[in-house]
Amino acid sequence: MFSVVNDKIPQIVFALSASLGAFVIGTVLGWSSPTMTMLENGTAVSFEVSSMAAATACSLFGVGAVIGAVPAGAVSSVFGRRVSLIVSEAHVVFGWLMIAFPKAARMLYVGRILQGVGCGAMCTIIPMYVGEIAEPEIRGFLGGLYQLFVVAGILYSYVLGNFLNYTQLNLACGVWMVIHILGLLYMPESPYFLIQENKKVSAEEALARLRDADHDCKAELVEIQKFVEEEQKNSYTAREVLEKDVNRRALTIGIGCMFFQQTTGINAIIFYMKHVFEISGSDISPELCTTIVGTIQVVMTFVSMMITDKFGRRSLMVYSMTSMGLCLLALSYYFFSKKYNPHVAQTLDWLPLVTIVLYISMFSIGCGPIPYIIIGEIFSSEVSHIIVVFKIILS
């Protein structure tokens with residue numbers, strides 16, 4: 001095992017450098033939970049921010065994500081994966097600056113939209129790049145690191161938000177995008193993209209940086225050339241793809257998985273987790289609750305990487321979504337009791353934490369990662385990109 005890893009250290013390093021963008025995405029996603037209260041109670045900025053304005057600022061991330069994700073595939077095909085990632089990260093940089101030092105609520109709005117544009121683009125480009133530079137033996141593992149980095153970034157924002165003030169939290173999150181950009185500047189371009197652009201010499205140089213010294217780069221380049229030519233020969237329009245019944249069924253499965261993933265309410269839970277614990281009235285502090293949930297999410301995401309192939313995609317999806325539904329029913333019962341039967345709610349003050357922990361755990365092992373695995377297995381990269389964009393629109 002260790003000898004295999006040693007032989008693949010260069011591609012692992014560059015895959016980690018690219019996937020650090022997923023950590024940046026996680027910090028942006030987790031930002032809403034600790035800052036909602038800061039914005040509402042007036043400790044974050046020098047101007048007044050209403051509850052509606054704070055909620056609007058948090059939710060506008062989704063608008064930007066759609067704007068960034070839609071053209072990301074086409075942009076990366078023209079300018080390359082590395083340059084596209086740098087441009088995407090630049091949007092996040094400007095977004096953090098506007099959010100960290102706002103002069104009015106509209107700067108919060110624009111900043112969150114810019115963050116969404118950058119993160120939406122990176123959501124599609126990072127998995128593409130990692131899949132193209134990794135050898136088949138470790139491609140699945142490196143691809144799984146994307147989701148792990150996202151939830152680790154969310155936990156990072158949750159934990160630091162417990163003891164840093166608003167400006168300090170923004171700067172602490174912004175540090176990671178600087179590190180990511182430095183890594184991107186050193187990363188080689190994808191050999192697949194360079195072959196598509198008929199830059200064979202550059203492709204060979206890039207592949208040499210991605211493989212160990214004993215690797216037969218020329219033989220792999222021949223395989224990449226064949227793959228690219230085959231893809232170009234078999235490229236079809238959307239109408240031609242959908243004319244086949246089997247493709248329509250596959251597209252329904254892919255879109256259905258993404259639709260139900262988003263309608264579970266996962267983004268509402270992650271964005272407003274601290275607020276949910278605050279209004280629950282539990283004796284357990286909201287800061288401790290969010291830290292516990294974030295930690296469990298990281299652990300269960302790692303567990304999902306170990307069990308996905310063992311238990312099967314469909315079984316994990318069914319088990320995951322059924323369990324999540326029961327958790328939301330239990331949480332709804334608690335808030336119903338809190339409003340109409342407070343005495344019962346007082347005896348159940350532990351229920352919000354337990355249900356959200358179980359909810360996040362079940363999402364992490366099934367409903368979270370499985371849809372991406374399914375669309376990666378049954379679709380080409382172009383169709384997969386369309387479905388991921390559809391998912392971002394839903395979110």
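The values are calculated or read from the model by the stated rules, or taken from the named source; none is laboratory data. In this text the structure is predicted, and so the values were computed from the model without any measurement. Every residue, glycine among them, receives a Cβ derived from its backbone with ideal geometry; neighbour counts consider all protein chains shown. Keep in mind that these areas ignore ligands, DNA and RNA; they rest on the heavy atoms of the full protein, side chains included. Shrake-Rupley method; radii C 1.70, N 1.55, O 1.52, S 1.80 Å.
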Original post:
Counting only heavy atoms of protein chains, what accessible area per residue, in Å², does the chain have with a probe of 1.4 Å?
Top reply: 47
**OP:** In nm, give the distance between the simple-model label positions of residue 200 and residue 51, each being 7 Å from the Cα along the Cα-to-Cβ direction.
**Re:** 6.6
**OP:** Report the charge-dipole magnitude of the chain in Debye, nearest 20, computed about the Cα centre from +1 at each Lys and Arg Cβ and -1 at each Asp and Glu Cβ.
**Re:** 840
Original post:
Along the charge dipole of the stretch 108-241, which of 224, 121, 190 sits closest to the positive end, that is, farthest toward it, with unit charges on the beta carbon of Lys, Arg, Asp and Glu (+1, +1, -1, -1)?
Top reply: 121
Subject >> Simple spin-label estimate for residue 291 and residue 77 in nanometres, 7 Å along Cα-Cβ >> reply: 4.8
**OP:** Just the number, please: carbon plus sulfur as a percent of the accessible area of the chain, 1.4 Å probe, no ligands or DNA/RNA counted.
**Re:** 67
**OP:** Report, in deg cm²/dmol and to the nearest 500, the calculated mean residue ellipticity at 222 nm for the chain, where each DSSP H run with n ≥ 4 adds -39500 (n - 2.57) and the sum is divided by the residue count.
**Re:** -27000 deg cm²/dmol
Subject >> List 260, 363, 149, ordered by accessible area with a 1.4 Å probe, largest first >> reply: 260, 149, 363
Subject >> Of 340, 146, 186, the one that fluctuates the most in a GNM where the chain has Cα springs shorter than 10 Å >> reply: 340
Subject >> Whole-Å semi-axes of the chain's equivalent ellipsoid (Cα gyration tensor) >> reply: 38, 25, 20
**OP:** Give the residue from 99, 326, 151 lying farthest towards the positive end of the charge dipole for the chain; charges sit on Cβ (+1 for Lys and Arg, -1 for Asp and Glu) and the dipole is referred to the Cα centre.
**Re:** 326
**OP:** Compute the projected area of the convex hull of the Cα atoms of the stretch 292-348, averaged over all viewing directions, and report it in nm² to one decimal place.
**Re:** 4.9
Original post:
Just how large is the dipole of the stretch 281-374 about the Cα centre, in debye to the nearest 20, putting +1 at every Lys and Arg Cβ and -1 at every Asp and Glu Cβ?
Top reply: 320
